[in-house]
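One structure below.
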Amino acid sequence: MTEPVPPGLSAQPSPGPPPWSPERPLQASDPTVLTTGQVVPRQMMPVAATGDAFSIDLAAAPRALEDLYAAREELQLVRLDAVRLGRVEPGTADEVSRDAATVLGAVATGGQGSLLQAIDGGLARIGSLIDALETELADYRAAEQENSGRMA
């Protein structure tokens, strides 16, 4: 009695390397084809919807900006780690190590669904929040100065 093959995997032996080279580099969302011929599907993480509006207590705004700057710096360091992961070399020349390095590189920096894409999206969102908060603070301070000039 043979065991059932899990979905996405193949029980057929590897036909060997494809007779043509791929037209594009491996992407994080692409299924993985192991040297044994097994195909391992990948699931991309859903992207959370974000709103375009927020409110913050103006007294807390400077502290919120500091926290956003710190988060951006920390995320930039994580981005450097992701780029390094995308360039990992296999420890040995065997097929398993080469496959692992290729897949790790794709998951780290391989476009749609990759760690690098998620980090870049986070950096862009933090940058938007910083810009919006700085604009609101500048507008508030300008209004305060204008109002205090009228009272003098």
message: With the requirement that a residue be surrounded by fewer than 17 Cβ atoms within 10 Å (Cβ to Cβ) and either modelled with pLDDT of 95 or more or at positive phi (or both), what does the range 85-116 give you?
response: Gly111
- request: State all residues of the range 85-127 that are among the polar types (S, T, N, Q) and in a loop (DSSP other than H, G, I, E, B); if no residue qualifies, say none.
  value: Thr92, Gln112, Ser114
query: Quick one: which of Ala100, Ala82 is of a type in the set (A, V, I, L, M, F, W, C), closer than 18 Å to Asp30 by Cβ and without any contact (Cβ under 8 Å) to a residue 24 or more places away in the chain?
result: Ala100
- prompt: Which condition number does Ala11 fail, the rest of (1) under 21 Å from the mean Cα position of the chain (by Cα); (2) at pLDDT below 70; (3) farther than 16 Å from Gly127 by Cα; (4) not polar (S, T, N, Q) being met?
  reply: (1)
task: Output the number of residues of the range 117-147 satisfying the condition of being crowded, with 16+ Cβ neighbours inside 10 Å and within 22 Å of Leu58 (Cβ to Cβ).
output: 5
statement: Exactly one of Asp94, Asp131 is more than 13 Å from the chain's Cα centre (by Cα) and farther than 25 Å from Pro31 by Cα, and that residue is Asp131
- request: Check the range 68-77 and report whether any residue there is modelled with pLDDT under 85, within 29 Å of Leu26 (Cβ to Cβ) and out of contact with any Pro (no Cβ under 9 Å at 6 or more places or on another chain).
  value: no
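The values are calculated or read from the model by the stated rules, or taken from the named source; none is laboratory data. Predicted, not measured: the structure shown is a model, and the values here were computed from it. Glycine gets a Cβ as well: all are built from the backbone with ideal geometry, and neighbour counts include every protein chain shown.
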